[in-house]
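To keep things clear, I will list the structure first and then write my remarks on it.
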Amino acid sequence: YIRPTPRYTMATKSGDVNLVEAAKRAACQQAVKDNFSPSFKYVGIGSGSTIAYVVEAIAALGPEVSAHMKFVPTGAGSTKLIRDAGLTVLQVPELLSEVGFAGRGTSRQHLDIYFDGADEVDAELNCIKGGGACLFQEKIVSRLSKKFICVADSRKKADRLLTNWGYVPVEVSPVAAELVRQALIDLGSKDPIIRFAGSTSTYLVTDNHNYLIDAPFPTLLLNSQAELIDPANGLWTPDALAAKIRGILGVLEVGIFSGLTGPQATAAGPDVEGVRP
Ligand code: 5RP
């Protein structure tokens with residue numbers, strides 16, 4: 001099996017790599033400038049290559065700004081990123097024992113803010129995430145945060161999800177992986193695959209000891225399924241698709257993020273527009 005390649009990656013010529021990195025850094029610097037406050041106590045840090053520039057921008061503010069803060073990671077990679085920048089790591093279980101377990105609803109949003117990247121962001125700020133294999137802990141941290149700042153360069157913007165990024169990452173129990181794959185095919189996914197680790201022939205194992213299935217969904221087909229359709233516009237909705245996938249026995253979580261608290265997408269630079277498909 002070959003993992004489906006996002007069309008925007010294919011459109012990125014090798015000579016444009018520096019342009020893309022510059023756009024990611026610019027997006028992150030803007031996101032931190034516009035949204036970061038020295039008064040924050042708990043800050044969520046997501047996963048992936050973009051978020052490294054958020055951590056870089058926060059660290060650049062100096063210890064006088066960040067020394068009293070605790071940074072909540074979304075996996076092993078993000079833990080290392082925070083630590084290497086000299087910032088203080090606080091894992092989710094430690095956060096919960098520090099703040100206590102009382103309260104309901106929004107009073108459980110203990111983090112002041114959560115910065116993370118995305119694989120695709122639509123006009124309503126729904127996202128596809130999980131390209132970097134950390135979607136489950138990302139979803140936990142997003143739920144614990146007052147505000148989710150989704151930082152994405154302009155390649156990732158699309159009017160609707162599944163336009164350029166062709167598949168939905170799904171975290172599954174290894175025991176049920178093949179069953180889930182079959183159920184995803186029944187749901188309309190075309191050739192869902194269990195993700196391999198890099199270029200090896202070994203399945204990738206997530207931080208939570210699970211597998212990931214990358215499930216491509218042709219949008220024409222989604223738009224023909226009555227139970228996924230928003231009657232207001234006749235189009236499939238991310239929420240409905242996520243609920244269907246989450247309902248499959250063996251699925252831990254799905255990489256569709258929707259209805260989050262105050263998400264904002266920060267897209268950087270017209271530069272990268274030039275390499276969009
Ligand atoms: C990891 C994620 C990442 O945020 C997403 O894959 C974007 O990564 P990058 O910034 O490297 O493009 O969801 O699970």
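Step through the residues of segment 216-221 one at a time and calculate ³J(HN,Hα) from phi using the Karplus curve (6.51 cos²θ - 1.76 cosθ + 1.60, θ = phi - 60°), rounding each to whole Hz and writing x for Gly and Pro.
x, 10, x, 5, 4, 5
Report, largest value first, the span of the C-alpha coordinates of segment 134-203 along each principal axis, in whole Å.
Each principal axis gives a Cα extent; for segment 134-203 these are 36, 28, 27 Å.
Provide the per-residue ³J(HN,Hα) series for segment 187-204, in order, calculated from phi with Karplus coefficients 6.51, -1.76, 1.60 and θ = phi - 60°, each as a whole number of Hz, with x at glycine and proline positions.
6, x, 6, 9, 6, x, 10, 7, 6, 8, 7, x, 9, 7, 9, 9, 5, 5
Taking a threshold of 27 Å on the Cα-Cα distance, which of the pairs LYS147/LYS190; LYS80/LYS244; LYS70/LYS139; LYS157/LYS190 fall above it?
With Cα atoms farther than 27 Å apart: LYS147/LYS190; LYS80/LYS244.
Under 1.5 on a/c is rounded, so check that first for segment 88-245, then, if it is not, pick prolate when a/b is larger than b/c and oblate when it is not; a ≥ b ≥ c are the square roots of the alpha carbon gyration tensor eigenvalues.
Numbers: a/c = 1.75, a/b = 1.28, b/c = 1.36.
Cα axes put segment 88-245 in the oblate bin.
With Rg and the Kirkwood Rh both taken from Cα atoms, where does Rg over Rh land for segment 46-113?
0.99
Based on Cα positions only, what radius of gyration and what Dmax would you give for segment 27-73, in angstroms?
10.0, 27
Compute the helix-to-body angle for 17-35: its Cα long axis versus the longest principal axis of the chain, expressed 0 to 90° and rounded to tens.
With both axes taken from Cα atoms, the answer is about 60 degrees.
Gaussian network model of the chain, Cα springs within a sub-10 Å range: biggest mean-square fluctuation belongs to which of LYS146, LYS129, LYS156?
Greatest mean-square fluctuation among the candidates belongs to LYS146.
Within a Cβ distance under 15 Å of GLY62, other residues only, what is the Lys/Arg minus Asp/Glu net charge?
So the environment of GLY62 carries a net charge of -1.
Tally Lys/Arg at +1 and Asp/Glu at -1 over every other residue whose Cβ is under 10 Å from the Cβ of ARG25; what's the total?
-2
For every other residue with a beta carbon closer than 13 angstrom to the beta carbon of ALA177, add +1 if it is Lys or Arg and -1 if Asp or Glu, then tell me the sum.
Its environment carries a net charge of -1.
Kirkwood Rh over alpha-carbon pairs of the chain, then Stokes-Einstein at 37 °C and 0.692 mPa s: what D in µm² s⁻¹, rounded to an integer?
Numbers: Rh = 19.3 Å.
Rounded to a whole number, D works out at 170 µm²/s.
Only the coordinates and a few stated rules stand behind these numbers; no lab work does. Since the structure is predicted, the reported quantities are computational estimates derived from the model, not experimental observations. No Cβ is skipped: glycine too gets one built from the backbone with ideal geometry, and neighbour counts run over all protein chains shown.
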